[in-house]
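Coordinate-derived values only; no laboratory data. These numbers were taken from a predicted model, which means no experiment stands behind them. All Cβ positions, even for glycine, are placed from backbone atoms using ideal geometry, and neighbour counts span all protein chains on display.
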Amino acid sequence: MQPTMSVAVMKQAVIDHQRATGSAASTLIVKGDLFFVYNGKPLSDDMLLADYGVTKAQQPVIWVNQRLPGGCFIISFSILCIIGLSIIGSFCTCGLSLWIVPLLLPFLFVLPLCCL
């Protein structure tokens, strides 16, 4: 690792190393999913390591992290529960609770697209 190396080149080197070692997780790792952290700051792909104060003499510790998609399951599940309760409650309210179902359906279908 040289201080004149860019973060993007280092990222590609990590991906190439994962594929060369035959790691089972290497098929899941793509370039956009990895990010590096140095001294608590995320490293940008278009910067050099020297721009962050990394020198070869200090033997820096750079953390490699992988972004994981998802996280909206509980919100989608909550919307489904509200829709279900509205349908069940419609028997007691003569159908008046069904007005909320058409309002929640667009969120149910659009929300997963935002969380990928």
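Results, tabulated for the structure shown:
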item: Helix 7-21 vs. the chain, principal-axis angle (Cα, 0 to 90°, nearest 10); result: 80
item: Fluctuation leader among 91, 73, 36 - the chain, Gaussian network, Cα springs under 10 angstrom; result: 91
item: Viscosity 0.890 mPa s, temperature 25 °C, Stokes-Einstein D of the stretch 73-114 from Kirkwood C-alpha radius, µm²/s; result: 232
item: Relative contact order (percent, whole number), the chain, Cα cutoff 8 Å, 6+ residue spacing; result: 25
item: Cα-based convex hull volume of the chain per residue, rounded to whole Å³; result: 135
item: The chain: calculated mean residue ellipticity at 222 nm from DSSP helix runs of at least 4, using -39500 (n - 2.57); result: -13000 deg cm²/dmol
item: Using alpha-carbon coordinates, inclination of helix 73-89 to the longest axis of the chain, degrees; result: 0
item: Dipole magnitude of the chain, debye to nearest 20 (Cβ charges: Lys/Arg +1, Asp/Glu -1, about Cα centre); result: 140
